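The structure under discussion appears below in the form of structure tokens.
Laboratory data are not the source of any read-out in this text; all were calculated from the coordinates shown. This is a predicted model, so every value here is computed, not measured. Positions of Cβ are backbone-derived with ideal geometry, glycine not excepted, and every protein chain shown enters the neighbour counts.
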Amino acid sequence: MKINYVTGNKGKVSLAQMIFADMDVEIVQCDMETPEIQELDCKLVATASAKYAAEKLNMPVLKNDSGLFITALNGFPGALAKYTEPTIKRDGYIRLMNGIDNRECYWVEALAYAEPGMEPVVFESRSYGTIADVPRGSRGDEFDYIFIPKGDNRTFAEMSVDEQLKCFDNKAYLDLYNYLKQSKKEL
């Protein structure tokens, strides 16, 4: 099974390749720009982008949107994480959380599969955790330095990729795989 993954983010492609490594799935990166609606719901963002890409490329595609939802900040930044990460950065999030006891958060991964002329099908994962008091670690994106997955006391930036994968909810990827296998689709 081949999945045409529309993204310019090699990290997302590598993650999908690791998750699907033991399955009969080949991940192929399709690097193209898609419009990204400004919406707080990752599912809606992924759906709109996937529909656009499937029509433009005239082939089945996979599109992803993800976001960090911080409970005490009413879900901010949500699907806008991509836009706040380079400006607010990890230190800004720590300042926003200063004096706040409830540090619960979750990371959403929304995968949208779309075929030309059809409505996309969306699968979602949620990885729960907390926001660290101070940024910690030495590798990863801005949020990796402040996100502590549930059941651990280290940030993602303090973990190896294998350790991160063990904490990461990959339900969306498995649901996508099962959907494609049952429908005998090839992306």
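Structure above, values below:
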| read-out | value |
| --- | --- |
| Whole-angstrom gap from the stretch 119-187 to the stretch 83-107, using each part's C-alpha centre | 18 Å |
| Karplus (6.51, -1.76, 1.60) ³J(HN,Hα), θ = phi - 60°, over the stretch 149-157, in Hz, Gly and Pro reported as x | x, 4, x, 9, 10, 9, 7, 4, 5 |
| Answer label, with percent of Cα pairs over 19 Å apart calculated from the coordinates and candidates (1) 84; (2) 74; (3) 58 | (3) |
| Helix-only CD estimate at 222 nm, as mean residue ellipticity for the chain, using -39500 (n - 2.57) per DSSP H run (n ≥ 4) | -10500 deg cm²/dmol |
| Point-charge dipole on Cβ atoms (K/R +1, D/E -1) for the stretch 2-183, about Cα centre, debye to 20 | 140 debye |
| Gain upon complete extension [Q38, A21; 0.36 nm per residue less C-alpha separation] | 2.8 nm |
